[in-house]
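The values are calculated or read from the model by the stated rules, or taken from the named source; none is laboratory data. As the structure is a computational prediction, the values presented were derived from the model and not from experiment. Because the Cβ atoms are built from the backbone with ideal geometry, glycine has one as well, and the counts that use them run over all protein chains shown. Keep in mind that these areas ignore ligands, DNA and RNA; they rest on the heavy atoms of the full protein, side chains included. Shrake-Rupley method; radii C 1.70, N 1.55, O 1.52, S 1.80 Å.
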Amino acid sequence: MGLNVYLSGEIHTDWREQIIDGAQGLDVTFNAPVTDHAASDDCGVAILGEEPNKYWHDHKGAMVNAIRTRKGIEDADVVVVRFGEKYKQWNAAFDAGYAAALGKSLIILQQPDHDHALKEVDAAALAVARTPAQVVEILRYVLTGDLPG
């Protein structure tokens, strides 16, 4: 059995690379949003034309990015959503809700100081991990039945 895993959320740290590297040898295919922040922000106007109003600039980008995000989440067996330390990731919460609405297996990756703020998101998840290594161990267990160590 293989898994298609979508890695959503925070783009300012290397958590995706940690999971991908840790899952070497497992039958897992990973997908993710565009993590180049400038490209993600500006894709709409770069492709569809400039907007003088920042709202419409951002709106165009969000719509173009949603094509990739929807496809990735819809095709995923497991969706991992990371909530980072520094920024409020409203888009990550939206992705988690979309994945839950589609009945996707959802793993939330967050620090304990977000527990209260994310209680509803966590309640929809099948696991709440604190580290990328824990996400890898969940994937390993699901695919092989092997416990860590």
Subject >> Residue among 83, 94 that is under 15 Å from the mean Cα position of the chain (by Cα), open to solvent by 20 Å² or more (accessible area, probe 1.4 Å) and over 22 Å from residue 2 (Cα atoms) >> reply: 94
Original post:
In the range 99-132, which residue that is in contact with a helix residue (DSSP H, G or I) (Cβ under 6 Å, 6 or more places away or on another chain) and part of a helix (DSSP H, G or I) is surrounded by the most Cβ atoms within 10 Å (Cβ to Cβ)?
Top reply: 99
**OP:** Please determine, by comparing only the residues of the range 1-20 that are in a loop (DSSP other than H, G, I, E, B) and modelled with pLDDT of 95 or more, which one is farthest from residue 92 (Cα to Cα).
**Re:** 2
Original post:
Out of (1) open to solvent by less than 20 Å² (accessible area, probe 1.4 Å); (2) in contact with a Cys (Cβ under 6 Å, 6 or more places away or on another chain), the odd one out for residue 64 is which?
Top reply: (1)
**OP:** State the number of residues belonging to the range 21-75 that are within 14 Å of the chain's Cα centre (by Cα), part of a helix (DSSP H, G or I) and touching a residue at least 12 places away in the same chain (Cβ under 8 Å).
**Re:** 8
**OP:** Restricting attention to the range 27-60, report how many residues are farther than 15 Å from residue 7 by Cα, aliphatic (A, V, I, L, M) and buried (at least 16 other Cβ atoms within 10 Å of the Cβ).
**Re:** 1
